[in-house]
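*Asks:* I'd like to ask you about the structure that follows.
Since every read-out is calculated from the coordinates, none of them should be taken as a lab result. Please read these numbers as outputs of a predicted model, since none were measured by experiment. Here the Cβ positions follow ideal geometry from the backbone for every residue, glycine too, while neighbour counts run over all protein chains shown.
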Amino acid sequence: MFEHVAIIGAGVSGLTCGVVLAERGFRTAIFAEKIGQHTTSGAAGAVWFPYDARPAEKVIPWALKTYQTLVNLSRDPSGGVSIIELHQFSRTGEIQIPDWAIPLGAQPVTPSEVEESLELFRSGFSLRVPLMDTTIYLDHLAKRFQNAGGSITPNARFEKLEDVLPEFDLVINCAGIGARELVCDAELESHRGQVAIVSKVDNLSCAIVCDDPPLMYVIPRSQDCV
């Protein structure tokens, strides 16, 4: 049985693993080269939506469990999780509502005044989903982790997993794209593309997703837009 756990990476994945373990009594330490808004998670749209995740028969049940967890977290407004309306659109034809979205209340929609101004979309559906505003949520997770007894070491860099101190019984790799070098996995590569953070968009109260090539999304956060 492992008792002392090291986690590599302090994005949402690393901090979430840390919270789960520390709150269950495990001695847990997070090591990360970057923390907070300097991580990839700091620039993430971070809206709940099981997009392009496979194998679906495994990922969808995981995603639905995460959905309920995030809905529960949204009841505390200080944590940075809220419920937002998401509109997914197609540029090319009639969109198909995924089976998993129907029990969650997904409904066909027509473009709103804001979206019509883009003159891009032909059909879509709407769904209320959790949004993690990582400008708030990352700090919330870090505080929760440290309150449970966990420690965070910033500016930590390892050439390989074996460089982690031998006092740890278990090492969890949450290094994201950094795992390419950390575990010498040349097949690991970025999947989503470019993300930009811009000023908050007036009159945009919902997230907009369109996965016809090229993929695009616009996700409003409390102080900016991804």
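*Asks:* How large is the helix-only mean residue ellipticity at 222 nm for the chain, computed as the sum of -39500 (n - 2.57) over DSSP H runs with n ≥ 4, divided by its residue count, in deg cm²/dmol to the nearest 500?
*Replies:* That comes out to -6500 deg cm²/dmol.
*Asks:* Can you tell me the 0 to 90 degree angle between the C-alpha axis of helix 134-147 and the longest principal axis of the chain, rounded to 10?
*Replies:* 30
*Asks:* Can you give the charge dipole size of the chain about its Cα centre, rounded to the nearest 20 debye, using +1 on the beta carbon of Lys and Arg and -1 on the beta carbon of Asp and Glu?
*Replies:* Using only the charged Cβ atoms, the result is roughly 520 debye.
*Asks:* Against the 2.2 N^0.38 Å scaling, with N counting residues, where does the stretch 5-73 land? I'd like the Cα-based Rg ratio to two decimal places.
*Replies:* 1.25
*Asks:* What is the angle, in °, between the Cα long axis of helix 56-73 and the longest principal axis of the Cα atoms in the chain? Nearest 10 is fine, range 0 to 90.
*Replies:* Compared with the principal axis, the helix lies near 90 degrees.
*Asks:* How far is it, in nm, from the label point at residue 197 to the one at residue 110 when both lie 7 Å from their Cα along the line to the Cβ?
*Replies:* Between residue 197 and residue 110, the label points sit 3.8 nm apart.
*Asks:* State, as an integer percentage, the relative contact order of the chain based on alpha-carbon contacts under 8 Å between residues 6 or more apart.
*Replies:* This gives 29 percent for the chain.
*Asks:* Right, here's the next one. Can you list which of the trypsin sites (Lys or Arg not before Pro) found in the stretch 150-226 are DSSP loop residues with at most 14 other C-beta atoms within 10 Å?
*Replies:* Listed in order of number, the matching sites are 157, 160, 192, 200.
*Asks:* So how far apart, in nm, are the two label points at residue 85 and residue 180 if each is 7 Å from Cα heading toward Cβ?
*Replies:* 3.9
*Asks:* Given 0.36 nm per residue, what is the gain on full extension from residue 52 to residue 187 after removing their alpha carbon distance, in nm?
*Replies:* 46.8 nm
*Asks:* Another question, if that's okay. For residue 170, what charge total do you get from the other residues with a beta carbon under 14 Å from its beta carbon, if Lys and Arg give +1 and Asp and Glu give -1?
*Replies:* Around residue 170, the surrounding residues sum to -2.
*Asks:* Over the stretch 132-226, calculate the relative contact order: mean separation of alpha carbon pairs under 8 Å at least 6 apart, over the residue count, as a percent.
*Replies:* About 19 percent, as a whole number.
*Asks:* Which whole number in µm²/s is D for the chain by Stokes-Einstein, with the Kirkwood Rh taken over Cα pairs at 4 °C and 1.567 mPa s?
*Replies:* The Stokes-Einstein estimate is 68 µm²/s.
*Asks:* Another question, if that's okay. Could you name the aspartates and glutamates in cross-link range of residue 143, using Cα to Cα under 13 Å and dropping any fewer than eight places away on the same chain?
*Replies:* Excluding near neighbours in sequence, the set is 23.
*Asks:* Kindly state, to the nearest 0.05, the FRET efficiency for residue 170 paired with residue 73, given R0 = 30 Å and r defined as their beta-carbon distance.
*Replies:* Efficiency, rounded to the nearest 0.05: 0.70.
*Asks:* Along the positive direction of the dipole of the chain (beta-carbon charges: Lys, Arg +1; Asp, Glu -1; about the Cα centre), which of 86, 204, 14 reaches farthest?
*Replies:* Working it through, the farthest residue towards the positive pole turns out to be 14.
*Asks:* Return the loop-located GluC sites (Glu not before Pro) in the stretch 130-226 (DSSP other than H, G, I, E, B) with at most 14 other Cβ atoms within 10 Å of their own Cβ; answer none if there are none.
*Replies:* For GluC sites (Glu not before Pro) across the stretch 130-226 that sit outside H, G, I, E and B with at most 14 neighbouring Cβ atoms in 10 Å, the list reads 159, 167, 187, 189.
*Asks:* Three principal axis extents, largest first, for the C-alpha atoms of the stretch 72-203, in Å?
*Replies:* The principal-axis extents, from largest down, are 57, 39, 34 Å.
*Asks:* A follow-up question, please. Measuring from label point to label point, each 7 Å out along Cα→Cβ, what is the residue 216 to residue 96 span in nm?
*Replies:* 2.5
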